[in-house]
1. Taking Cα centroids, how far is region 79-96 from region 123-186 in Å?
2. When a footprinting reagent is the concern and you count Cβ atoms within 10 Å, what order do 69, 35, 110 take, fewest first?
3. From the Cα trace of region 4-181, what convex hull volume per residue do you get, rounded to a whole Å³?
4. Report, for the chain, the % of DSSP beta bridges that are antiparallel, rounded to 5.
5. On full extension of the chain, what length is gained from residue 64 through residue 2, given 0.36 nm per residue of separation minus the C-alpha to C-alpha distance?
6. Please compute the modelled spin-label separation between residue 181 and residue 25, points set 7 Å along Cα→Cβ, answer in nm with one decimal.
7. Arrange 80, 147 by Cβ neighbour counts within 10 Å, fewest through most, would you?
8. Among 113, 161, 62, which one shows the biggest mean-square fluctuation in a GNM of the chain, springs joining Cα atoms closer than 10 Å?
């Protein structure tokens, strides 16, 4: 089966001070574009970007790649997990990687390593210097649990239930821990 990645991109960017956070320039490219490119360079077959209603990411050229699909979370106020559910509902394939849109510093090589490990089954969490990060790879068998969960929940609850199948993959990529919440984070 082909791999798929879910990119939650429906947040308001309050801490960043602007709803334009995901189009902020990161090394000459919109933040969301860098996140998508990391996944594609790492070998993900399909990328599902989950946006809020009425949000335009016209400046993000990566959204025009035929491997990328934009879907809308009708009520992102429920939280990021509701965006993950929206993405999972639109996704086919496995493993299912989850990489928040505001994590543009993850390397394509790290995505490739997570994908390789995920093909053995189980939940894969990359780890840098003892800390878990993203992208997290989920086996397709967790799809129904994700969809049944309360949209106001979080992915951690699903991961705790699958803890015995969780593998931590040590990587040399500090980008797995580096999300952008404020302009200083850039």
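Just so you know, all these numbers are worked out from the coordinates, no wet-lab data involved. Because the structure is a prediction, the values reported are computed rather than measured. For neighbour counting, all protein chains shown are included, and Cβ atoms are generated from backbone atoms with ideal geometry for every residue, glycine included.
1. Rounded to whole Å, the Cα centres lie 13 Å apart.
2. 69, 110, 35
3. 107
4. Given both bridge residues lie in the chain, the antiparallel proportion sits at roughly 30 percent.
5. The residue 64-residue 2 span can extend by a further 20.3 nm.
6. A separation of 2.6 nm, rounded to one decimal place.
7. In increasing order of surrounding Cβ atoms, one gets 147, 80.
8. Checking each option, the largest mean-square fluctuation is seen for 161.
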